[in-house]
Amino acid sequence: MIIKLKLLKNILLGLLMVFPLSVFAQFSYDLQGHRGSRGLMPENTIPAMIKAMDLGVSTLEMDLAVTKDGQVILSHEPFMNPVICLTPDRQEIPIDDHSHNIYQMTYAEVLAYDCGSKVHPGFPQQVKFFTTKPLLRDVFEVAEKYAKDKGLPAPHYNIEIKSSPEGDGEYHPGVAEFSDLVVNLISESIGWERVNIQSFDFRVLKYIHEKYPEVPLAMLVENASRFQEDLNELGFVPEFYSPYFLALNKEIVESLHQKGMKVVPWTVNTKEQMERLLGLGVDGIITDYPNLAPKR
Ligand code: G3P
Ligand code: CA
């Protein structure tokens, strides 16, 4: 009997050496669809959100801009990006031309731009069709209804306020006005149970932390190895720490967990990297390709 148990143990150890542990592991984690599902659908659009939900994401990630008439819409840039948008008369925008400024347009004017038909060189699998930049309010309404109708879990929303000191008053409202607009819209529509705000702009995070302490916040950073300096600069511990994925390692993840943060790196677009990061113990991953994500 003892010999048989030893044999069994040796076989199991042998299997573990041949197959990495990740092959056997079932991860439970927050799967976030970046800009909806940018690898598969035009980014930051309603079809990208629907596709992400069909693929089983738990959270929809998106970026915000503001129009001249104060509408909060989804857009990664505060202007019509020449890489993804065509003018109202379906012409290309020169690549360095940032003059199609969303903050200087009404939402009616924004709706004349096609931001779905142009082939994206970085994401050749995207399905191509005419589509426009949606209102945040409409995204909530459609996503909530879709989840209900299809019997899917209600999605979480990771919502980025895109701002910078150089853009204040020119490409977007200043920190207080932008943050108040977004926080009030969310408070009056969907509430905070399944929503957090994220930003690279620490001014935004500090302002919201002070004025709306109930709002969950994610700090966005480029380099995880600078986490202590960045936390010192921020001056408080947010709910989420969201770095570019490459510099993350087990020690950093553990330190961040000890400080009480969830770790959710971006933008993780291969199966191998997703498995590596989940193996490090991250709490979620943000990906353009939710179709490649390991089972949860
Ligand atoms: O949520 C993190 C990620 O979206 C940050 O990068 O530039 O795609 O907004 P970016
Ligand atoms: Ca983003």
Select, from I161, I186, I197, the only residue that is away from ligand 1 (no atom under 16 Å from the Cβ), under 18 Å from the mean Cα position of the chain (by Cα) and modelled with pLDDT of 95 or more.
I186
Tally up the residues in the stretch 213-222 that are in contact with a strand residue (DSSP E or B) (Cβ under 7 Å, 6 or more places away or on another chain) and more than 13 Å from ligand 1 (Cβ to nearest atom), please.
2
Hey, among the residues in the stretch 91-107 that are among the charged types (D, E, K, R) and not in a strand (DSSP E or B), which one's surrounded by the most Cβ atoms within 10 Å (Cβ to Cβ)?
D97
Quick check on my filter: what residues within the stretch 150-196 are over 15 Å from S75 (Cα atoms), aliphatic (A, V, I, L, M) and in contact with a Leu (Cβ under 7 Å, 6 or more places away or on another chain)?
L185
Single condition A247 does not satisfy, out of (1) at pLDDT 95 or above; (2) in contact with a Ser or Thr (Cβ under 9 Å, 6 or more places away or on another chain)
(1)
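The rows are residues; the columns are (1) in contact with a strand residue (DSSP E or B) (Cβ under 7 Å, 6 or more places away or on another chain); (2) without any contact (Cβ under 8 Å) to a residue 12 or more places away in the chain; (3) under 21 Å from L31 (Cα atoms).
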| residue | (1), (2), (3) |
| --- | --- |
| N101 | yes, no, no |
| K118 | yes, no, no |
| A143 | yes, no, yes |
| E177 | no, yes, no |
Would a scan of the stretch 115-126 turn up a residue that is buried (at least 16 other Cβ atoms within 10 Å of the Cβ) and away from ligand 1 (no atom under 16 Å from the Cβ)?
yes
W266 vs (1) within 17 Å of D30 (Cα to Cα); (2) more than 16 Å from ligand 2 (Cβ to nearest atom): all pass except (2)
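Picking from L248, L280, L256, which residue would you name as being out of contact with any strand residue (DSSP E or B) (no Cβ under 6 Å at 6 or more places or on another chain), without any contact (Cβ under 8 Å) to a residue 60 or more places away in the chain and open to solvent by less than 20 Å² (accessible area, probe 1.4 Å)?
Of L248, L280, L256, the one residue that is out of contact with any strand residue (DSSP E or B) (no Cβ under 6 Å at 6 or more places or on another chain), without any contact (Cβ under 8 Å) to a residue 60 or more places away in the chain and open to solvent by less than 20 Å² (accessible area, probe 1.4 Å) is L248.
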Can you spot a residue in the stretch 53-67 that is in contact with a strand residue (DSSP E or B) (Cβ under 7 Å, 6 or more places away or on another chain) and without any contact (Cβ under 8 Å) to a residue 60 or more places away in the chain?
yes
Taking the stretch 138-175 and keeping residues within 19 Å of G70 (Cα to Cα), open to solvent by less than 30 Å² (accessible area, probe 1.4 Å) and away from ligand 2 (no atom under 16 Å from the Cβ) leaves F140, P173, G174, V175
Helices (runs of 4 or more DSSP H) wholly in the stretch 1-90 with at least 2 residues that are at pLDDT below 95 - which ones?
2-18, 21-24
Checked the stretch 32-80 for anything open to solvent by 10 Å² or more (accessible area, probe 1.4 Å) and within 15 Å of ligand 2 (Cβ to nearest atom); matches are H34, R35, R38, E43, V57, H76, E77, P78
Being assigned to a helix (DSSP H, G or I), within 16 Å of ligand 2 (Cβ to nearest atom) and not aliphatic (A, V, I, L, M) is the requirement here; does F178 meet it?
yes
Residue list for the stretch 210-231, filter: more than 20 Å from the chain's Cα centre (by Cα) and open to solvent by 20 Å² or more (accessible area, probe 1.4 Å)
E210, K211, Y212, P213, E214, S225, R226, Q228, E229
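The values are calculated or read from the model by the stated rules, or taken from the named source; none is laboratory data. The structure displayed is predicted, hence computed values, not measured ones. Glycine gets a Cβ as well: all are built from the backbone with ideal geometry, and neighbour counts include every protein chain shown. Heads up: the accessible areas ignore ligands, DNA and RNA and are worked out on the full protein's heavy atoms, side chains in. Shrake-Rupley method; radii C 1.70, N 1.55, O 1.52, S 1.80 Å.
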